[in-house]
Amino acid sequence: MNPAFRLSIAIPMHNEESVLPELLRRTRAVLDQIPGGPHEILFVDDGSSDRTFELLEDAVRQDPRIRAISLSRNFGHQAALTAALDHLTGDAAVVMDGDLQDTPEAIPQFVERYHQGFDVVYAQRIRRKEPWPLRFCYFVFYRMMAALSDVRLPLDSGDFGLMSRRVIDQVRRMPEHHRYLRGLRSWVGFRQTGIPVEREERHSGKSKYSLFRLLKLATDGIFAFSIVPIRAAALLGAAAIGVSMLYVLYALYYRFVLNRSPQGFTALIAAITFLSGVLLFFLGVIGEYVGRIYEETKGRPNYIVERVAGAFGNEKNESLAEMRRPQRSPEREPFR
Ligand code: UDP
Ligand code: MG
């Protein structure tokens with residue numbers, strides 16, 4: 001085992017002040033057991049409106065292994081993870097939720113697999129403790145994703161997992177705006193493995209993912225890793241053409257051989273409304289892709305750092321030094 005091995009643990013936080021003390025206690029205890037060092041815990045405060053960042057600053061003062069950055073507003077979970085990957089310095093990094101749904105105690109197993117030569121070790125959820133309708137949606141989503149996407153995405157795995165330095169560097173090279181980290185991570189390749197980890201209940205506070213945001217993450221996942229929906233439009237169009245040709249043949253037969261006059265007003269209306277629905281639906285699907293192209297061409301950064309706390313001295317990113325400001329800006333406009 002490499003004695004100089006340095007691990008980073010990256011944790012995005014959005015209004016998690018109630019979880020923080022317990023999170024710190026358990027994560028620091030885990031870090032103590034990991035050989036090598038000095039390790040670090042990097043918190044990204046994603047525009048919290050509670051005291052999360054103040055508490056983080058206290059923690060930074062007490063433990064030199066802890067560092068924290070705060071973003072200028074709420075950019076969302078995936079953007080916060082991106083910020084974390086850009087600022088952590090370890091030889092390998094574990095990405096973990098800040099609500100203790102991901103058990104820090106699983107981290108030593110990740111590290112063990114890393115030392116066995118794996119570049120990515122992700123947690124596979126063996127049991128979720130969420131309400132069944134949500135569990136059902138997750139179940140369907142992960143299977144749909146696996147069926148649709150071009151890269152092999154592991155089933156039932158979230159972002160919780162370890163990445164080696166070379167995987168982190170590759171993920172950081174990807175400039176895309178709609179980030180689906182677990183997908184990008186699989187896409188990179190090298191040696192990847194999953195280990196079963198139970199997904200706990202949220203320690204306290206509320207989930208920051210509304211149904212709408214979950215749907216957004218799900219569509220990001222699908223549209224970023226698959227063009228099957230567009231192909232489906234072409235296939236369905238071809239099928240519709242086939243059916244209508246058959247129908248024309250039948251209509252000719254009906255009129256000229258059986259010598260009856262055509263009927264079928266209801267069928268006509270049904271066909272028109274059905275096909276217009278299909279057309280509009282796929283227009284929407286194509287719109288999703290076009291919208292994403294538009295988002296990407298704007299090339300805006302994924303996040304903006306407002307403040308940092310902790311030892312960011314030997315940082316490659318020099319602009320960070322300017323962001324050390326003593327006082328938090330008093331009023332922050334909520335975004336939208
Ligand atoms: N989070 C974040 N920014 C957001 C929403 C969530 O940094 O806009 C963090 C949150 O603090 C938590 C993690 O992302 O540490 C996962 O969020 P949450 O537990 O709300 O999602 P769920 O587990 O319900 O999917
Ligand atoms: Mg959670």
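When you look at Ala80, is it within 15 Å of Arg185 (Cα to Cα) and either buried (at least 21 other Cβ atoms within 10 Å of the Cβ) or within 12 Å of ligand 1 (Cβ to nearest atom) (or both), yes or no?
Numbers: within 15 Å of Arg185 (Cα to Cα): no; either buried (at least 21 other Cβ atoms within 10 Å of the Cβ) or within 12 Å of ligand 1 (Cβ to nearest atom) (or both): yes.
Considered against the rule, which asks whether it is within 15 Å of Arg185 (Cα to Cα) and either buried (at least 21 other Cβ atoms within 10 Å of the Cβ) or within 12 Å of ligand 1 (Cβ to nearest atom) (or both), Ala80 comes out as no.
It is to be established whether one or more residues within the range 192-202 are of a type in the set (A, V, I, L, M), within 16 Å of ligand 2 (Cβ to nearest atom) and outside any loop (DSSP other than H, G, I, E, B). Walk me through how you get there before you give the answer.
Pass one, the range 192-202, residues of a type in the set (A, V, I, L, M): 195, 197.
Subsequent filtering for residues that are within 16 Å of ligand 2 (Cβ to nearest atom) retains 197.
Okay, now just the ones that are also outside any loop (DSSP other than H, G, I, E, B), so 197.
Yes; the residues of the range 192-202 include at least one that is of a type in the set (A, V, I, L, M), within 16 Å of ligand 2 (Cβ to nearest atom) and outside any loop (DSSP other than H, G, I, E, B).
Looking at the range 217-233, which of its residues are more than 16 Å from ligand 2 (Cβ to nearest atom) and of a type outside the set (Gly, Ala, Ser)?
Answer for the range 217-233, where residues must be more than 16 Å from ligand 2 (Cβ to nearest atom) and of a type outside the set (Gly, Ala, Ser): Thr219, Asp220, Ile222, Phe223, Phe225, Ile227, Val228, Pro229, Ile230, Arg231.
Would you point out which residue out of Gly205, Gly221, Gly158 is at positive phi, within 16 Å of ligand 1 (Cβ to nearest atom) and either surrounded by 14 or more Cβ atoms within 10 Å (Cβ to Cβ) or not in a helix (DSSP H, G or I) (or both)? Break it down stepwise before answering.
On the way: Gly221 fails: at positive phi; Gly158 fails: at positive phi.
The unique qualifying residue is Gly205.
Within the range 10-41, how many residues turn out to be more than 16 Å from ligand 2 (Cβ to nearest atom) and either at pLDDT 95 or above or of a type in the set (Val, Ile, Thr) (or both)? Full working, then the answer.
Here is the first cut: in the range 10-41, the residues more than 16 Å from ligand 2 (Cβ to nearest atom) are 21, 24-25, 28-41.
Adding the requirement that they be either at pLDDT 95 or above or of a type in the set (Val, Ile, Thr) (or both) leaves 30, 34, 41.
Number of matching residues: 3.
Answer with yes or no whether Phe110 is at pLDDT 90 or above, in a loop (DSSP other than H, G, I, E, B) and among the aromatic types (Phe, Trp, Tyr). Spell out how you get there, then give the answer.
Numbers: at pLDDT 90 or above: yes; in a loop (DSSP other than H, G, I, E, B): no; among the aromatic types (Phe, Trp, Tyr): yes.
For Phe110, the condition - at pLDDT 90 or above, in a loop (DSSP other than H, G, I, E, B) and among the aromatic types (Phe, Trp, Tyr) - is not met.
Filter the range 91-106 down to the residues that are of a type outside the set (Gly, Ala, Ser) and more than 15 Å from ligand 2 (Cβ to nearest atom) and list them by number. Walk me through how you get there before you give the answer.
Filtering the range 91-106 down to residues of a type outside the set (Gly, Ala, Ser) leaves 91, 94-97, 99-105.
Within the range 91-106, Asp91, Val94, Glu105 qualify.
Looking only at the range 113-141, how many residues end up being surrounded by 15 or more Cβ atoms within 10 Å (Cβ to Cβ) and over 22 Å from Ser207 (Cβ atoms)?
Residues meeting the conditions: 6.
From the residues in the range 12-55 that are part of a helix (DSSP H, G or I) and hydrophobic (A, V, I, L, M, F, W, C), which one is surrounded by the fewest Cβ atoms within 10 Å (Cβ to Cβ)?
Filtering the range 12-55 for residues part of a helix (DSSP H, G or I) gives 20-33, 52-55.
Subset that is hydrophobic (A, V, I, L, M, F, W, C): 20, 23-24, 29-31, 53, 55.
Numbers: Leu20: 22, Leu23: 23, Leu24: 20, Ala29: 11, Val30: 21, Leu31: 21, Phe53: 22, Leu55: 20.
Here the answer is Ala29.
Looking for whichever is part of a strand (DSSP E or B) and away from ligand 2 (no atom under 16 Å from the Cβ) here; the options are Gln170, Gln124. Which one fits? Before you say what the answer is, go through the steps one by one.
Values: Gln170 fails: part of a strand (DSSP E or B).
Matching residue, one of Gln170, Gln124: Gln124.
Within the range 224-244, track down each residue that is within 22 Å of Met144 (Cα to Cα), among the hydrophobic types (A, V, I, L, M, F, W, C) and part of a helix (DSSP H, G or I).
Listed by number, the residues that qualify are Ala224, Phe225, Val228, Ile230, Ala232, Ala233, Ala234, Leu235, Leu236.
For Ala4, are the conditions met, namely being in a helix (DSSP H, G or I) and over 23 Å from the mean Cα position of the chain (by Cα)? Can you show your working first?
Details: in a helix (DSSP H, G or I): no; over 23 Å from the mean Cα position of the chain (by Cα): yes.
For Ala4, the condition - in a helix (DSSP H, G or I) and over 23 Å from the mean Cα position of the chain (by Cα) - is not met.
Just one of Pro196, Pro154 is free of Cβ contacts under 8 Å to residues at least 60 places away in the same chain and touching a strand residue (DSSP E or B) at 6+ places or on another chain (Cβ under 6 Å); which is it? Reasoning before the result, please.
Working: Pro196 fails: free of Cβ contacts under 8 Å to residues at least 60 places away in the same chain.
Criteria check complete, one pass: Pro154.
Kindly provide the set of residues from the range 161-194 that are of a type in the set (A, V, I, L, M, F, W, C) and buried (at least 17 other Cβ atoms within 10 Å of the Cβ), ordered by number.
Residues of the range 161-194 of a type in the set (A, V, I, L, M, F, W, C): 162-163, 167-168, 171, 174, 181, 184, 187-188, 190.
Residues satisfying the conditions are Leu162, Met163, Val167, Ile168, Val171, Leu181, Leu184, Trp187, Val188.
Please state which one of Val60, Val140 is β-branched (Val, Ile, Thr), free of Cβ contacts under 8 Å to residues at least 24 places away in the same chain and part of a helix (DSSP H, G or I).
Numbers: Val60 fails: free of Cβ contacts under 8 Å to residues at least 24 places away in the same chain.
That would be Val140, the only listed residue that is β-branched (Val, Ile, Thr), free of Cβ contacts under 8 Å to residues at least 24 places away in the same chain and part of a helix (DSSP H, G or I).
List every residue pair whose Cβ atoms sit under 7 Å apart, with the two residues 6 or more apart in sequence or on different chains, where the first one lies in the range 100-112 and is over 20 Å from Arg6 (Cβ atoms) and touching a residue at least 60 places away in the same chain (Cβ under 8 Å) and the second, anywhere, is within 16 Å of ligand 2 (Cβ to nearest atom) and part of a helix (DSSP H, G or I).
If the second residue must be within 16 Å of ligand 2 (Cβ to nearest atom) and part of a helix (DSSP H, G or I), the pairs left are Leu100/Glu22; Leu100/Leu23.
Look at the range 29-47 and say how many of its residues are of a type outside the set (A, V, I, L, M), farther than 19 Å from His87 by Cα and in contact (Cβ under 8 Å) with a residue 24 or more places away in the chain.
Looking only at the range 29-47, we keep the residues that are of a type outside the set (A, V, I, L, M), and these are 32-33, 35-40, 43, 45-47.
Still in the running and farther than 19 Å from His87 by Cα: 32-33, 35-36.
In the following step, the residues that additionally are in contact (Cβ under 8 Å) with a residue 24 or more places away in the chain were identified as 33, 35-36.
Count: 3.
The values are calculated or read from the model by the stated rules, or taken from the named source; none is laboratory data. Since we're looking at a predicted model, the values are computed, not measured. Here Cβ is always computed from backbone atoms with ideal geometry, including for glycine, and neighbour counts include all displayed protein chains.
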